[in-house]
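We did not get these values from a lab; they are worked out from the coordinates using the rules stated. The shown structure was predicted, so the numbers you read here are calculated from the model rather than taken from an experiment. All Cβ positions, even for glycine, are placed from backbone atoms using ideal geometry, and neighbour counts span all protein chains on display.
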Amino acid sequence: MKNIVFIFLLMYLFTGCENKKITHQETVTSYYKAFDSGDYNKIKALIDDSLTVVGGDFIMPFTPDSFYEQFKWDSIFKPSYEILELEEKNNQIIATVASRSLRYAFLKNNPLTCRFAISFTSGKISKIEDFEYIDANWNVWQKERDSLVQWTKINHPELDGFINDLSMKGALNYMQAIELYEKNKHAEN
């Protein structure tokens, strides 16, 4: 009799573990933790085969491989992500996320806090849409960006074009332009 109860208990535990699906909130939390730790394999396991990222007027479709290129670009700026709030609405997660990076620091918008609507297909993230930047100062952002672009064009033309180059090389050029620009500003003072 003890053996039968033990076998039923084991079967219950095994089937209970197999049927446990992670919630959308857990998926989003794992997604940002994976970004924070730089673990693309974990990110890849959480995104759908077709991921759409919507930022303002830009709609960017990704496969897991092309999203990896975006991940590499972003990683050059040493980002960190903090989830401030998660709310589930109509099979979407509304996530308020504060992100910090070397790029945002240069653009004087560090942290940059945004609300995202995150949609799912078969339990995986299939769409990420930014719909509200809470504390962004776009005037300062544009002023800093334009100053860097103009200075780079004149003083380091070999790096020109970094602003529109979303490859890893473009991100490296972006960081090098920031470093040279800052070094020049400090030398003038």
Going by the alpha-carbon gyration tensor, a ≥ b ≥ c the square roots of its eigenvalues, is the stretch 137-189 rounded (a/c under 1.5) or, if a/c is not under 1.5, prolate (a/b greater than b/c) versus oblate? oblate
Quick one: 3J(HN,Hα) in Hz for the stretch 38-51, Karplus 6.51/-1.76/1.60 with θ = phi - 60°, rounded, Gly and Pro as x. x, 9, 5, 4, 5, 4, 4, 6, 9, 9, 6, 5, 10, 10
Specify the angular offset, from 0 to 90 degrees and rounded to the nearest 10, of the alpha carbon long axis of helix 138-155 from the longest principal axis of the alpha carbons in the chain. 60 degrees
Measure nothing but the geometry: give the 0 to 90° angle between the long axis through the Cα atoms of 64-75 and the longest principal axis through the Cα atoms of the chain, rounded to 10°. 50 degrees
With the Cα gyration tensor of the stretch 21-136 in hand, give its eigenvalues times 5 under a square root as the equivalent ellipsoid semi-axes, listed largest first in whole angstrom. 21, 17, 14
Mean ellipticity per residue at 222 nm, deg cm²/dmol - from DSSP H runs of n ≥ 4 across the chain, formula -39500 (n - 2.57): -16000 deg cm²/dmol
Within 10 Å of each candidate Cβ there may be at most 15 other Cβ atoms; applying that plus a DSSP loop requirement, which trypsin sites (Lys or Arg not before Pro) in the stretch 61-136 survive? Lys108
Any lysines with Cα under 24 Å of the Lys72 Cα? List them, leaving off those in the same chain fewer than 8 positions away. Lys33, Lys42, Lys44, Lys108, Lys124, Lys127, Lys169
Options Ser101, Cys114, Ala136, ranked by Cα towards positive dipole end of the stretch 21-136, top entry (Cβ charges): Ser101
For the chain, take the longest principal axis of its alpha carbons; what is the angle in degrees between that and the long axis of helix 24-37, to the nearest 10 within 0 to 90? 50 degrees
